[in-house]
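This report refers to the structure that appears directly beneath it.
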Amino acid sequence: MKRIVSLLFISVICLFAFAACASQESTKNVEVFIINQIDNETLSETLSLPDASAAGEYFRQLCNKNDLAIEGIDEGYVTLVGELENGDTNAWMFYVNGELCDVGVKDYVPADGDKIELIYLDWTQLSFE
């Protein structure tokens, strides 16, 4: 009887230990920047989110932490951050590791250690060579 109780006790401990390990979700650390290039203002933080999180979720979290509105994430193309909205020649552009990204913020899933940036700039000054 003592042996059965001991085995039952060990089984319960193992069950809880494995359940705790299974519930831990893997995360990635990503450097997140929101830059107003026109007024030389930068907001940045290294954030850790679940592995499957798209870039838009990192930007949403940084904006939420700083009480800033952000629009367009769910469509993939950011149109407004705070009071800065896309206009005739100004726009929010999405960069990954210093390069203009060819997909939107809802489709790009950063790798651990990536640097993602939303930069508000005068797009007429960009060079696409």
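Only the coordinates and a few stated rules stand behind these numbers; no lab work does. Keep in mind that this is a model prediction, so the values were computed, not measured. Positions of Cβ are backbone-derived with ideal geometry, glycine not excepted, and every protein chain shown enters the neighbour counts.
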Subset of region 86-104 [closer than 18 Å to residue 41 by Cβ and in contact (Cβ under 8 Å) with a residue 12 or more places away in the chain] = 90, 91, 92, 93, 94, 95
Within region 112-129, how many residues turn out to be more than 13 Å from residue 31 (Cα to Cα), buried (at least 16 other Cβ atoms within 10 Å of the Cβ) and aliphatic (A, V, I, L, M)?
-> 2
